[in-house]
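The next block holds one structure in the form of structure tokens; read it before the comments.
Just so it is clear, none of the values below were taken in a lab; they were calculated from the coordinates. For clarity, every value in this text was computed on a predicted model and none was experimentally measured. Positions of Cβ are backbone-derived with ideal geometry, glycine not excepted, and every protein chain shown enters the neighbour counts.
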Amino acid sequence: MNHNKALAVLTGLGLALTPALAAAQSVNITRSILTDLPYTLIYPAEMVATGGGDAPLTINHPDAPLQCEMSVVPVEDTDWSADAALAGIDDDEITAAWAGPLPGFSLSSKGLTTYQDATALTYEGTSTDSAMGVPLTLVHTEAVATGRGYILDCIFAADQAEQARPLVDFIIANFSTRADAECCVGASPAPEPDQPAPQ
């Protein structure tokens with residue numbers, strides 16, 4: 001897939017830096033209603049979604065420097081696999097592609113990850129600067145399913161990684177290329193409060 005994707009995700013990332021991200025207590029589920037662009041995106045209820053349909057879907061945390069953008073893109077190679085993509089990944093190409101929107105960007109890891117229903121290529125890197133004036137960490141994932149390409153990019157302030165990364169991991173693990181996916185991978189329901197015994 002094309003790694004020279006425009007970083008529209010940064011244009012709306014004018015978020016106030018906060019000392020910590022709150023742990024998610026509940027989630028929102030956004031499903032595509034378009035039969036030719038299926039997906040399910042599950043994310044903390046505090047995050048606000050914009051876009052969707054045949055445009056990228058962006059989710060922002062209103063009180064923390066965390067944003068994710070999901071796009072469904074056309075693919076020429078319908079036999080694409082995450083394993084083959086990882087074997088052929090070009091570190092220099094990726095670094096150059098992200099250097100414009102993320103000055104000083106360098107890769108820190110690459111590998112495979114899983115959505116609910118697909119194996120995805122993933123890579124991660126951090127910039128030395130950004131339009132926000134702080135280093136940002138990018139977590140990029142991509143997969144192909146039923147002839148469609150899916151890209152999910154999450155960006156957060158590098159100094160907020162301890163709080164932001166668990167939320168990003170949750171969003172990625174619960175993403176699905178199907179519109180009928182259920183919640184939630186990597187989470188357990190809160191225990192029911194004890195009820196007083198009947199008198």
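A few remarks follow.
- The GluC sites (Glu not before Pro) of region 46-140 that DSSP puts in a loop, and whose beta carbon has at most 14 other beta carbons within 10 Å, are Glu76.
- Within-13-Å neighbourhood charge of Thr119 [Cβ basis; K, R +1; D, E -1]: -3
- Value of Rg to Rh for region 63-140, rounded to two decimals, is 0.99; Kirkwood radius and Rg both from alpha-carbon coordinates.
- Its residues counted as N, region 36-101 yields a C-alpha radius of gyration over 2.2 N^0.38 Å of 1.41.
- Each Lys and Arg Cβ is given +1 and each Asp and Glu Cβ -1; about its Cα centre, region 8-174 then shows a dipole of about 500 debye.
- Placing R0 at 30 angstrom, the Cβ-Cβ distance between Asp63 and Asp117 gives a FRET efficiency of 0.45 after rounding to 0.05.
- Gained length - Asp129 relative to Glu162, 0.36 nm times residue gap less alpha-carbon distance: 10.0 nm
- Two-site label geometry, Thr146 and Thr30: point separation in nm, points 7 Å out along Cα→Cβ: 1.9
- Mean silhouette area of region 8-174, derived from the convex hull of its C-alpha atoms and averaged over all directions, reads 9.2 nm².
- With a Förster radius of 22 Å applied to the C-beta separation of Asp83 and Ser106, the computed FRET efficiency comes to 0.35.
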